[in-house]
Amino acid sequence: MNWNEKSIVFYDGDCGFCNHVVRLVLKFERKPEIYFCALQSDFAKNFFLANHGQVPNLETFYFFTNYQLYSQSNGALALVRNLKFPFPLLQIFRIIPVCQRDQLYRFIAKRRHRLSKGYCLIPTNEQKARFLS
């Protein structure tokens, strides 16, 4: 399978807040086409090194789609396009300069472990095939 043709959410697998985001995506995605991968996994490390020449930052959310890697606020806004209404309306935040959006993103990212503690997502049997390790 060519993973460069898939949409993949890369998230901190040890973060309760991030696991809540994954659960939200699973619940509200338009089509069950998005794959998920913990940044701590070998797949993520190999994917980033092979495609972007870097090791992923655990404090950053990444969304890979259409051969493009988005991160931080751009990643979140690219992802919401794939969710059911009303989430695509969040695209309105693109009018805010990316430096300001990412500043807010980093503020939340640094506090993400305090926002939601110890949540572990347990995917259904159908969803398990979409989690990459």
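The values are calculated or read from the model by the stated rules, or taken from the named source; none is laboratory data. None of these values were measured; they are calculated from a predicted model. No Cβ is skipped: glycine too gets one built from the backbone with ideal geometry, and neighbour counts run over all protein chains shown. We work out accessible area using only protein heavy atoms, side chains counted, and drop any ligands, DNA or RNA first. Shrake-Rupley method; radii C 1.70, N 1.55, O 1.52, S 1.80 Å.
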For this session: Please report, in debye to the nearest 20, how large the charge dipole of the chain is about its Cα centre when each Lys and Arg carries +1 at its beta carbon and each Asp and Glu carries -1 there.
Result: 440 debye
Seminar exercise, completed: In whole percent, the fraction of accessible protein surface over the chain that belongs to carbon or sulfur atoms, probe radius 1.4 Å, stands at 56 percent
Problem set entry | ASP14-GLN100 pseudo-label distance in nm [points 7 Å out on the Cα-to-Cβ vector] | 3.5 nm
Exercise. What does the accessible area of LYS84 come to, in Å² to the nearest 10, when a probe of 1.4 Å is used?
Worked result: 90 Å²
Seminar exercise, completed: Yeah, the chain with a ≥ b ≥ c from its alpha-carbon gyration tensor (a/c under 1.5 is rounded, else prolate when a/b outruns b/c, oblate otherwise) is rounded
Seminar exercise, completed: Measure of exposure for THR124: accessible area at 1.4 Å probe, Å² rounded to 10, is 70 Å²
Exercise. Which value, in Å² and to the nearest 10, is the accessible area of LEU49 when all protein chains are kept and the probe is 1.4 Å?
Worked result: 100 Å²
For this session: State in Å² the accessible area per residue of the chain; use a 1.4 Å probe, count heavy atoms of protein chains only, and round to the nearest integer.
Result: 61 Å²
